Amino acid sequence: MNGITLDKTAQEFVNQVEELSHSNLSQCWHCLCCSGGCPFSKDMDVLPNSIIRMIQFGMKEQALNSSTIWLCVGCNTCSMECPNAVDMAAIMDALRQMAIRKNAKIAEPGVLAFHNAVVDSISRYGRTHKLEIMMRYKFSEKDLFSDIDLGLKMLSKRKLDLLPSKVKDKKSIQSLFKMSGEVS
């Protein structure tokens, strides 16, 4: 019985995803455990196991342009459900990294804007400043007032700090960003 043979470009895509995610995609049985366990699968354009199949078939553009990779919240439920220990959450993360590096059209730009606001906050303060993250995100989405009542309620209950708290050893945080290749 002959297996499917991929062209060089498709095989390079498989290898790149495996290297970034530290996962062996050939271990996937397509049993749907990852998709069945995912709390967000109903909102995805394709199921998580279909993302693996796209990668295996060398469907790079479809995988990188999928909403699924951006709707994954990295909760690791899929990875825990997998009987073969395929780390689906790491695969989704690898695909997001690849999409950003390739300047692919981001299917869910709001998710990336929120992510960037969180990372920027951690870079500057050593931890998240939720009020600033929320404000940056709302400005980037040009949606300032849709949930202002929730923000005010959170402020009144002291769930949001007006000023950011900072870590004492900010140099350690900066060194993590440098090690990851993210310059802040």
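Nothing in this text is a laboratory measurement; each read-out follows from the coordinates by a stated rule. Please read all numbers here as calculations on a predicted model, not as lab measurements. Counting neighbours? That spans all protein chains shown, and the Cβs are built from the backbone with ideal geometry, glycine included.
On C-alpha positions alone, give me the angle between the axis of helix 109-125 and the longest principal axis of the chain, in degrees, nearest 10.
60
Can you pull the Kirkwood radius for the chain, inverse mean 1/r over Cα pairs, to one decimal in Å? All intermediate terms of the calculation are to be shown ahead of the outcome.
Values: mean 1/r = 0.0542 Å⁻¹.
About 18.5 Å, per the Kirkwood formula over Cα pairs.
For every helix of n ≥ 4 consecutive DSSP H residues, a contribution of -39,500 (n - 2.57) applies; sum these over the chain, divide by its total residues, and give [θ] at 222 nm rounded to the nearest 500 deg cm²/dmol.
-16500 deg cm²/dmol
Starting from the Cα of Arg158, step 7 Å along the direction of its Cβ; do the same at Val119; then give the gap between the two resulting points in nm.
3.4
Can you give me the angle between helix 130-141 and the longest principal axis of the chain, using Cα atoms only, in degrees from 0 to 90, rounded to the nearest 10?
Orientation of helix 130-141: about 70 degrees from the principal axis.
Give the cysteines in the chain for which no other Cys Cβ lies under 4.7 Å away, or write none if there are none.
Cys28, Cys31, Cys33, Cys38, Cys72, Cys75, Cys82
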